[in-house]
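*Asks:* This is the structure I want to talk about, given as structure tokens.
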Amino acid sequence: MKDLKILIVDDESRMRKLIHDYLGAAGVQILEAADGQAGLDIFLGVKGIDLVILDVMMPKLDGWQVCQEIRKVSNVPVIMLTARGEERDELKGFDLGVDEYISKPFSPRILAARVEALIRRSQGQKNLQAIIMGQLSVDREGRKVVACGQPVELSYKEYELLNYLIDHRGVALTREKILNQVWDYDYYGDTRTIDTHIKKLRQKLGPCGDYIETVRNIGYKFEVPQ
């Protein structure tokens, strides 16, 4: 993870120090902010930030608001930290474009593994060929998606989900399979997380969203009508 630039936004100095010390030891450049507004100012003012770690409950702007503002200008991977364990908070985070969701307290090793997985996925694709299916085009080298002639802005996780569905087109995929593959680790949360992402992805793709079919009692399948 050397040469990465990560922004930590958390009002707990002890938490910032824990993350700073652990990731900094791996050669990561760390930027810090103690409130949401300061974190957003840093993100907008500093170029080349590779990943953002956000706390939920913060003064001035909370984590939801910061993530929402970041998503207006960037698809940078975002990890949300929270002391809450309620399902509605997790689903809200994914709905706003959060890529990973970690509840406090957590192991620094787990956080580092999630960071490494997100960075690995965001910086490299196994197949960089442009793919055209029906009225949907995905330029993997340029990370651009065009649906029905219109460019589509996807979050990092939405983009990964779309590519996974495309790579397994014609196959009925369970929610558990999608979570374990797209999130790059064994996910023990509610599989309705997938439903939230699929809903947003379909909305953004417009008529092309119909290519993502619901397979009753199983999950989803990507299929382009002949």
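The values are calculated or read from the model by the stated rules, or taken from the named source; none is laboratory data. These figures come from a predicted structure and were not determined experimentally. All Cβ positions, even for glycine, are placed from backbone atoms using ideal geometry, and neighbour counts span all protein chains on display.
*Asks:* With the condition kept exactly as written, say whether any residue in the stretch 106-123 is in contact with a Pro (Cβ under 6 Å, 6 or more places away or on another chain) and at pLDDT 80 or above.
*Replies:* Within the stretch 106-123, one or more residues are in contact with a Pro (Cβ under 6 Å, 6 or more places away or on another chain) and at pLDDT 80 or above.
*Asks:* Which pairs have Cβ atoms under 9 Å, sit 6 or more apart or on different chains, and link a residue in the stretch 157-170 that is at positive phi to one that is surrounded by fewer than 16 Cβ atoms within 10 Å (Cβ to Cβ) and acidic (D, E)?
*Replies:* Taking only residues 6 or more apart or on different chains, not a single pair turns up.
Listed here are the residues, each with its yes/no results for (1) more than 18 Å from H168 (Cα to Cα); (2) surrounded by 13 or more Cβ atoms within 10 Å (Cβ to Cβ).
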| site | (1), (2) |
| --- | --- |
| T191 | yes, yes |
| I194 | no, yes |
| H197 | no, yes |
| L201 | no, yes |
| K204 | yes, yes |
| C208 | no, yes |
| Y211 | no, yes |
| I218 | no, no |
| Q226 | no, no |
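*Asks:* Residue check: is I70 part of a helix (DSSP H, G or I) and either at pLDDT 90 or above or in contact with a helix residue (DSSP H, G or I) (Cβ under 8 Å, 6 or more places away or on another chain) (or both)?
*Replies:* Yes, satisfied.
*Asks:* Now for a different question. Which residue pairs have Cβ atoms under 9 Å apart, sit 6 or more places apart or on different chains, and have a first residue in the stretch 54-70 that is at negative phi and not assigned by TED's automatic domain parsing to the domain that holds D41 and a second that is buried (at least 23 other Cβ atoms within 10 Å of the Cβ) and not β-branched (V, I, T)?
*Replies:* none
*Asks:* Hey, can you tell me all the residues within the stretch 36-55 that are out of contact with any Leu (no Cβ under 7 Å at 6 or more places or on another chain) and either in a loop (DSSP other than H, G, I, E, B) or within 28 Å of G142 (Cα to Cα) (or both)?
*Replies:* D41, L44, G45, K47, G48
*Asks:* Keeping to the stretch 1-32, report how many residues are acidic (D, E) and either assigned to a strand (DSSP E or B) or surrounded by fewer than 17 Cβ atoms within 10 Å (Cβ to Cβ) (or both).
*Replies:* Residues in the stretch 1-32 being acidic (D, E) and either assigned to a strand (DSSP E or B) or surrounded by fewer than 17 Cβ atoms within 10 Å (Cβ to Cβ) (or both): 4 in total.
*Asks:* Sticking with this one: Of all the strands (runs of 3 or more DSSP E) wholly in the stretch 140-226, which have at least 2 residues that are among the aromatic types (F, W, Y)?
*Replies:* Correct list: 219-222.
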